[in-house]
Amino acid sequence: MGGKKLEQTLDGILEKDSRFHRDAYAFVGEAVDFTQKSISRANKGKVRHITGQELLAGIRAFASEQYGPMALMLFEEWGVKKCEDFGEIVFNLVEHGLLSKTENDSRVDFKGGYDFHEAFRKPFIPRRKAGTQSKLPGVAS
């Protein structure tokens, strides 16, 4: 996704639905490309449609790779708080001709997904070694 047409289309989307920052749309477009390439590699170069659940997995991997522990903060800044929000972004892009869908695709595909804290924060929290004690008085490890 790129160019003047994209910018004009995003202007139109944001005029009608201002819940999510422009950068969230750019990120989803990049995550779609990332996911499509990953699935294509796994299928020996064969390109196929990706499902909502596959995209969510791709978003998780791409965000961790690109932003590491900052992903959760960026998503919050962009207004994205749960997997369903990615579904809303995807379907805004579909409705404006920037992404395509099949008759089997729906916003429900993004329902549930994963917990953002578990997906984007927890992997970066340092783990304490078993049996170590806190050096702060009164603080248990």
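The figures follow:
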read-out	value
Subset of segment 71-110 (residues that are open to solvent by 90 Å² or more (accessible area, probe 1.4 Å) and either aliphatic (A, V, I, L, M) or in contact with a Leu (Cβ under 6 Å, 6 or more places away or on another chain) (or both))	Met73, Val108
Selection status of Thr35, within 18 Å of Gln53 (Cβ to Cβ), in contact (Cβ under 8 Å) with a residue 24 or more places away in the chain, hydroxyl-bearing (Ser, Thr, Tyr) and open to solvent by less than 50 Å² (accessible area, probe 1.4 Å)	yes
Which listed residue, of Ser100, Ser134, is modelled with pLDDT under 95, touching a helix residue (DSSP H, G or I) at 6+ places or on another chain (Cβ under 9 Å) and hydroxyl-bearing (Ser, Thr, Tyr)	Ser100
In segment 1-55, the residues that are charged (D, E, K, R) and not in a helix (DSSP H, G or I)	Asp17, Arg19, Lys44, Lys46, Arg48
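Yes/no per residue for (1) surrounded by 11 or more Cβ atoms within 10 Å (Cβ to Cβ); (2) of a type in the set (S, T, N, Q); (3) more than 17 Å from Glu95 (Cα to Cα); (4) at pLDDT below 95:
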{"residue": "Phe20", "(1), (2), (3), (4)": "yes, no, no, no"}
{"residue": "Ala31", "(1), (2), (3), (4)": "yes, no, yes, no"}
{"residue": "Ile39", "(1), (2), (3), (4)": "yes, no, yes, yes"}
{"residue": "Ala42", "(1), (2), (3), (4)": "no, no, yes, yes"}
{"residue": "Lys46", "(1), (2), (3), (4)": "no, no, yes, yes"}
{"residue": "Phe62", "(1), (2), (3), (4)": "yes, no, yes, no"}
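The values are calculated or read from the model by the stated rules, or taken from the named source; none is laboratory data. Since the structure is predicted, the reported quantities are computational estimates derived from the model, not experimental observations. Virtual Cβ from ideal backbone geometry, glycine too; neighbours counted across all protein chains shown. SASA here: full protein model, heavy atoms, side chains in, ligands and nucleic acids out. Shrake-Rupley method; radii C 1.70, N 1.55, O 1.52, S 1.80 Å.
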